[in-house]
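To start, the structure itself, in structure tokens.
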Amino acid sequence: MIFRILLYIGLGLLLPGCAALGYSLWEGPAAWSTDVRTFWGTPVSLFVFWIGIAHAGTLISAIFLALDIHLDRRTSMLAELTTLCALVVAAIFPLMHLGVLENFYMVIPFLDARENFANLRSPLVWDFCCIAIYGILSALFFVIHLGSHKFEQLKTLRKPMAWLLFPLVLWVHTIVSLDFAVTFVPEWRGAFFPLYFIAGAIYSGLAMVIALLAAEGRRIRLLEKIMMAFSWLMFLFWVWNFALKGDWSVSAFIFGALLPQLWWVSSIRENTIGRIAIAFSAILGMWLERFFLAAPSEVAETASNFGWIDFGLLLFGLGLFLSLVAFGRIRLRKHFDGDDILIGEVEVALESESASAPANAAPDKTTTLSILRFPLLLGILVTILYIVWATSQSFFDTFDLPVVSLIPIVYPLIALVAGIALCARNLWEIAPRKLKLFFVIGVGMIGFAAGAYFAGGSSAEPVGEISGPKPNTSDPALSTSGLALSNTTPEALWNARCAACHGVDGSFNEKFVREFYPLPQKLSAGRLDSLGEDSLVNVILNGRINMNPYGGRISREEAVGLVRHMRALAGEDSIAGANSLVGTDSLVVEKSSAGEDSL
Amino acid sequence: MDRREFLKLCMTMAAGFTLFGCRSGGLTDKLSGPALKDFEDEVRRAMAQMKPGFRLVKVPMPGEMKSSPADRENRFGMAIDLDACDGCGKCILACNQENNVPLVSESLAKQGRFMHWIELRDGIPTMCFHCSDAPCEKVCPTGAANHTPDGLSAMMYKRCAGSRFCGANCPVQARKFNYEDARSLGHAKQFNPQVPLRDKGVMEKCSLCIQRLQNDRMNFKANAGLAAIAGAKSGLAGITGAKSGPAVGTMSGKISWRGKGLQTACAMACPKHAIIFGNWLDESSDLVKEAKVRNLYAPEGIAKLDPSVVYMRGRR
């Protein structure tokens with residue numbers, strides 16, 4: 001019942017939230033408050049906030065499972081659900097933060113046909129990879145948990161998965177902290193940032209789980225104790241940060257560090273409302289901390305810029321999170337119910353009762369290791385292959401130490417491959433037919449997307465997009481060729497624009513072309529005549545296969561001139577050109593290399 | 001209200017909004033672009049809201065670029081003579097016209113978020129310093145901010161996703177973000193057809209007038225190519241040194257382009273000739289000649305990043 005109310009509250013918050021989201025997508029980054037100095041604003045702070053909450057769920061569930069700390073299913077499942085929902089919310093904010101939303105895919109470190117490659121030195125690329133992988137593995141972990149009470153074979157996978165996720169949680173939040181810590185912004189620098197961020201993430205996430213558990217009508221003293229420990233840790237970090245840089249946000253300190261200490265008053269601690277209030281105070285404090293972090297300069301001014309759009313985005317995050325959690329909780333209630341069944345841990349406990357404790361501990365660990373061994377080795381192999389392949393890309397020639405910049409994605413890649421390899425077979429066996437079909441279609445679509453990514457879009461200026469006055473291309477004074485020569489001859493244009501590939505004398509620059517493109521067609525006189533002037537002009541202006549479009553750079557008249565010049569070049573050695581179609585001629589090669597030398 | 005009535009109302013409203021939205025251009029469409037006077041006014045306004053300056057520290061003369069790929073013959077840059085500069089702001093207007101820098105709306109202007117590639121900070125013209133070890137390029141996720149071999153920190157607008165990480169990581173805040181669609185707001189004017197207008201949501205900054213450099217390079221390639229053919233036709237083995245005119249230098253026996261005689265828009269507009277553009281690796285350029293006898297300075301934040309644009313003050 002309480003979750004139904006939460007669902008309605010969430011949906012109610014979502015309404016103004018969606019309005020704010022829509023407006024800010026339409027208006028772009030000018031809609032919300034952004035820092036004058038760093039250009040970053042509300043979505044970044046919300047992203048860090050929600051990704052922090054997303055970490056506690058898996059942390060509680062996976063790390064406790066890996067370390068044999070017993071939690072009942074209701075708590076661990078709620079924690080995992082929190083993680084998934086918070087990840088969905090967190091994924092929206094960096095996307096909307098972008099100025100050109102449709103270019104987000106350029107962050108994926110995957111090659112395209114033009115050899116564009118994402119800049120793997122950038123923490124944003126690491127961040128994208130890590131969080132995507134974390135999302136996939138968290139979803140897998142949750143699915144295994146859901147299915148494990150029905151299918152016995154999934155139960156054995158939980159612990160190996162937990163061991164994969166344990167380092168990943170810490171790794172991913174370290175990377176999130178590097179978004180800030182590697183920069184030149186004085187307020188964002190600090191070698192302690194990874195620990196600071198991890199502590200903050202666990203703190204806010206625990207607070208969120210405790211608040212949701214209160215809605216569930218239960219209370220886990222262990223989690224409360226851990227939360228209190230982290231509140232002191234945050235206190236220490238804030239003092240440390242103040243000592244280093246003189247930054248001090250009072251409101252974050254009061255809500256994040258001071259008010260939660262009311263937990264020590266037993267009348268508040270024993271009261272459900274009191275516990276919820278403490279949890280919310282911690283959550284609010286952590287949000288304020290992130291907000292002031294993302295917008296460091298002129299804190300007072302930024303706060304005054306905090307408008308209704310920013311509130312709307314805040315509500316959107318909260319509303320979406322609440323609706324997702326409540327909806328998930330209601331839909332999956334039969335998995336949550338029966339809280340007397342303890343998953344995984346209870347069997348360990350039972351076994352340890354029957355067998356002697358040390359004898360039991362050793363075989364348990366070896367099974368985890370033996371299940372994990374092959375997937376882990378596979379993951380390491382794939383990661384090494386990826387690194388070798390990625391560093392061989394030409395992009396990496398432009399900076400020193402490319403391998404170092406790949407380190408941040410090493411473990412996530414290993415974990416991704418290992419996690420999928422671990423679960424794929426078992427999940428495939430138990431999945432219903434319909435799901436398998438969806439899965440195959442999904443894989444096909446991912447393949448299609450990868451292909452589209454590889455092919456890339458046209459580099460030509462989209463037609464009709466420019467509403468302003470276009471330069472008049474027929475006016476010779478405003479030639480778009482960029483050549484300031486008053487008498488731009490086709491020959492000069494050819495040498496400037498075309499000769500790099502096609503050669504000064506038209507019998508292409510073989511060395512260059514061999515290195516970068518497949519060899520183009522030989523432009524023999526017979527071929528030029530058969531194609532005709534018009535179609536050649538169109539090829540120059542619009543491009544064809546490996547020929548880039550030059551429409552924005554030269555005018556139609558200039559293209560016609562180029563075609564005529566090309567024909568004139570071909571006329572001189574039409575016999576050689578005809579020979580070259582057969583493929584054996586030393587004459588043309590000699591000529592082209594001579595032309596190249598003299599260049 | 002019964003259901004039918006309610007649905008009818010909804011439909012009418014939807015149709016009405018659709019018709020409203022379909023008008024060509026939208027509410028903000030302006031028929032005439034801004035006038036030159038608007039740009040002059042904005043420069044004046046930006047100068048009135050002047051930002052604080054940087055602490056300047058001494059730097060050595062820029063040499064070859066440290067990051068790869070580095071050109072061994074060209075590294076373009078500027079030196080700004082602070083003894084001559086009187087902070088008149090003419091360079092800002094010239095830059096705006098050369099690079100089609102748009103106006104901004106009132107709300108952004110109030111926050112000091114002008115698009116001007118050159119700003120006066122404490123009376124000193126400040127633009128992108130084109131650091132060889134540029135922090136902005138390191139954090140750009142897509143590689144839209146990248147280096148050319150001849151020392152320019154370049155922006156590829158079509159590759160930019162607008163994450164603004166580069167802007168956050170620039171120690172001198174030289175980068176400008178297109179918060180609004182200047183074209184549809186009527187804030188942009190294409191003074192120079194050779195420079196594209198930027199889309200909403202991308203970063204931009206001083207390009208060292210890359211279009212002028214590229215045009216000159218193209219011209220050189222065209223002419224040198226012609227000369228090469230002439231040389232080949234007349235039976236010479238090459239044209240080594242034979243045609244080295246004023247625009248070309250020689251290196252390892254080949255004619256190469258050194259960008260001689262080129263000027264950026266700001267350098268041309270400066271009435272005191274305080275901005276000198278040139279090739280740091282060309283000993284005979286005015287830039288190197290002048291910089292050799294002066295003390296060179298750069299803002300403290302980027303002094304260690306090997307900037308291509310430096311300040312000059314006092315004689316050595």
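The values are calculated or read from the model by the stated rules, or taken from the named source; none is laboratory data. Every value quoted in this text rests on a predicted model; they were computed, and no experiment measured them. With ideal geometry, Cβ positions are generated from the backbone for all residues, glycine too; neighbour counts draw on all protein chains shown. Note: areas computed on protein heavy atoms with side chains; ligands, DNA, RNA excluded. Shrake-Rupley method; radii C 1.70, N 1.55, O 1.52, S 1.80 Å.
Regarding B:Cys131, is this residue within 13 Å of chain A (Cβ to nearest Cβ), of a type outside the set (S, T, N, Q) and not in a loop (DSSP other than H, G, I, E, B)? So B:Cys131 fails the test. Where helices (runs of 4 or more DSSP H) fall entirely within the stretch A:386-484, those with at least 1 residues that are exposed (fewer than 11 other Cβ atoms within 10 Å of the Cβ) and either acidic (Asp, Glu) or modelled with pLDDT of 85 or more (or both) are at A:410-430, A:433-455.
Among residues belonging to the stretch B:72-96 that are open to solvent by 40 Å² or more (accessible area, probe 1.4 Å) and out of contact with any helix residue (DSSP H, G or I) (no Cβ under 7 Å at 6 or more places or on another chain), point out the one that is nearest to B:Ile118 (Cα to Cα). Checked the stretch B:72-96; the qualifying residue nearest to B:Ile118 (Cα to Cα) is B:Cys88.
Does at least one position in the stretch A:152-170 carry a residue that is farther than 30 Å from A:Trp26 by Cα, open to solvent by less than 40 Å² (accessible area, probe 1.4 Å) and among the basic types (Lys, Arg)? Within the stretch A:152-170 (the criterion being farther than 30 Å from A:Trp26 by Cα, open to solvent by less than 40 Å² (accessible area, probe 1.4 Å) and among the basic types (Lys, Arg)), the answer is yes, since at least one residue qualifies.
If you go through the stretch B:8-41 and keep only what is of a type in the set (A, V, I, L, M, F, W, C), at pLDDT 75 or above and outside any loop (DSSP other than H, G, I, E, B), you end up with B:Leu9, B:Cys10, B:Met11, B:Met13, B:Ala14, B:Ala15, B:Leu36, B:Phe39.
Would you check which residues across the stretch B:133-164 are surrounded by 22 or more Cβ atoms within 10 Å (Cβ to Cβ) and among the polar types (S, T, N, Q) and list them? Correct list: B:Thr142, B:Ser153, B:Ser163.
The helices (runs of 4 or more DSSP H) found entirely in the stretch B:141-244 include none that carry 3 or more residues being aromatic (Phe, Trp, Tyr), in the same structural domain as B:Gly278 (by TED's automatic domain parsing) and at pLDDT below 85. Scanning the stretch B:187-207 for residues that are open to solvent by less than 10 Å² (accessible area, probe 1.4 Å) and within 9 Å of another protein chain (Cβ to nearest Cβ) turns up B:Gly201, B:Val202, B:Met203. Within the stretch B:165-180, the set of residues being closer than 16 Å to B:Ser308 by Cβ and facing chain A (nearest Cβ under 7 Å) comprises B:Pro171 only. When residues in the stretch B:246-290 are screened for being of a type in the set (A, V, I, L, M), modelled with pLDDT of 90 or more and open to solvent by 60 Å² or more (accessible area, probe 1.4 Å), 1 of them pass. When the test is whether a residue is open to solvent by 60 Å² or more (accessible area, probe 1.4 Å), under 23 Å from A:Leu78 (Cα atoms), in the same structural domain as A:Ile283 (by TED's automatic domain parsing) and of a type in the set (A, V, I, L, M), A:Leu222 passes it. Would you mind telling me which numbered condition in (1) within 20 Å of the chain's Cα centre (by Cα); (2) more than 9 Å from every other protein chain (Cβ to nearest Cβ); (3) surrounded by fewer than 24 Cβ atoms within 10 Å (Cβ to Cβ) A:Phe104 fails? If we test A:Phe104 against (1) within 20 Å of the chain's Cα centre (by Cα); (2) more than 9 Å from every other protein chain (Cβ to nearest Cβ); (3) surrounded by fewer than 24 Cβ atoms within 10 Å (Cβ to Cβ), just (2) comes out false. Condition check: farther than 15 Å from A:Ile63 by Cβ and outside any helix (DSSP H, G or I). Does A:Ala191 satisfy that? So A:Ala191 passes the test. With respect to being closer than 16 Å to B:Asp38 by Cα, outside any loop (DSSP other than H, G, I, E, B), in contact (Cβ under 8 Å) with a residue 24 or more places away in the chain and in contact with an Asp or Glu (Cβ under 8 Å, 6 or more places away or on another chain), B:Leu108 fits the description.
Exactly one residue out of A:Ile144, A:Ile63, A:Ile133, A:Ile92 is of a type in the set (Val, Ile, Thr), modelled with pLDDT under 90, assigned to a helix (DSSP H, G or I) and open to solvent by 10 Å² or more (accessible area, probe 1.4 Å): that is A:Ile63. Being within 14 Å of chain A (Cβ to nearest Cβ) and not hydroxyl-bearing (Ser, Thr, Tyr): is that true of B:Pro125 here? No; evaluated as a whole, the condition is false for this residue.
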